[in-house]
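What follows is a set of notes on a single structure, which appears directly below.
The values are calculated or read from the model by the stated rules, or taken from the named source; none is laboratory data. All values derive from a computational prediction rather than experimental measurement. FYI the Cβ positions are ideal-geometry reconstructions off the backbone, even for glycines, and counts take in every protein chain you see. Protein only, heavy atoms only, side chains kept; ligands, DNA and RNA dropped before computing areas. Shrake-Rupley method; radii C 1.70, N 1.55, O 1.52, S 1.80 Å.
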Amino acid sequence: MSYSVGFSRSLEILFYIELKTKYEEAKYLTIQAISEKLAIPVPSVKRLVALLKNKGFIESKKGVNGGLALAMPAKSIRFYDVFEAVEGDVKLFKQYDDFDTNTFIHRQEAEYMLLKSKEIFDMAQSSMLKELKRRTLSELFMPEK
């Protein structure tokens, strides 16, 4: 089981917007330009941008010179917050436990296995989220010399 590519694509979109506005002084980028440069279909970019805009990472401006820009500094955008915006509260592991442990000769062993594996899965999820909380979009840029 894995998450969608939406999380990594969202990071790419945010990175690209920051890159263009930081180094090329572009004020706003269009969805079309982002789609073409990152090879992400326009409908996917629109969907992800809507999620990111909803959480306050992106702002938009209408009109001829309009488009998308980051609404906050890259150092303030945590991977965790982007992950949560895109993936929601989805568990990393889904555990199948829809069977009757009473049918097992060693019922207690089966129940312990379910309990222990859930505990391990939850710890793995927690570790992943903890790491994502430590990381920001600014880490994706090369250090300045």
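General remarks:
- Residues that are in contact (Cβ under 8 Å) with a residue 40 or more places away in the chain, over 30 Å from E59 (Cβ atoms) and open to solvent by 50 Å² or more (accessible area, probe 1.4 Å), drawn from segment 82-105: F93, K94
- Scanning segment 29-59 for residues that are in a loop (DSSP other than H, G, I, E, B) and either farther than 19 Å from S76 by Cβ or in contact with a His (Cβ under 6 Å, 6 or more places away or on another chain) (or both) gives T30, A39, I40, P41.
- Hits in segment 62-102 (condition: hydroxyl-bearing (S, T, Y) and assigned to a loop (DSSP other than H, G, I, E, B)): Y96
- Scanning segment 28-46 for residues that are in contact with a Gly (Cβ under 8 Å, 6 or more places away or on another chain) and open to solvent by 60 Å² or more (accessible area, probe 1.4 Å) yields Y28, T30.
- Exactly one residue out of F57, F141, F79, F121 is at pLDDT below 95 and open to solvent by less than 50 Å² (accessible area, probe 1.4 Å): that is F141.
- Within segment 1-26, considering residues that are part of a loop (DSSP other than H, G, I, E, B) and within 17 Å of G67 (Cα to Cα), the one least open to solvent (accessible area, probe 1.4 Å): A26
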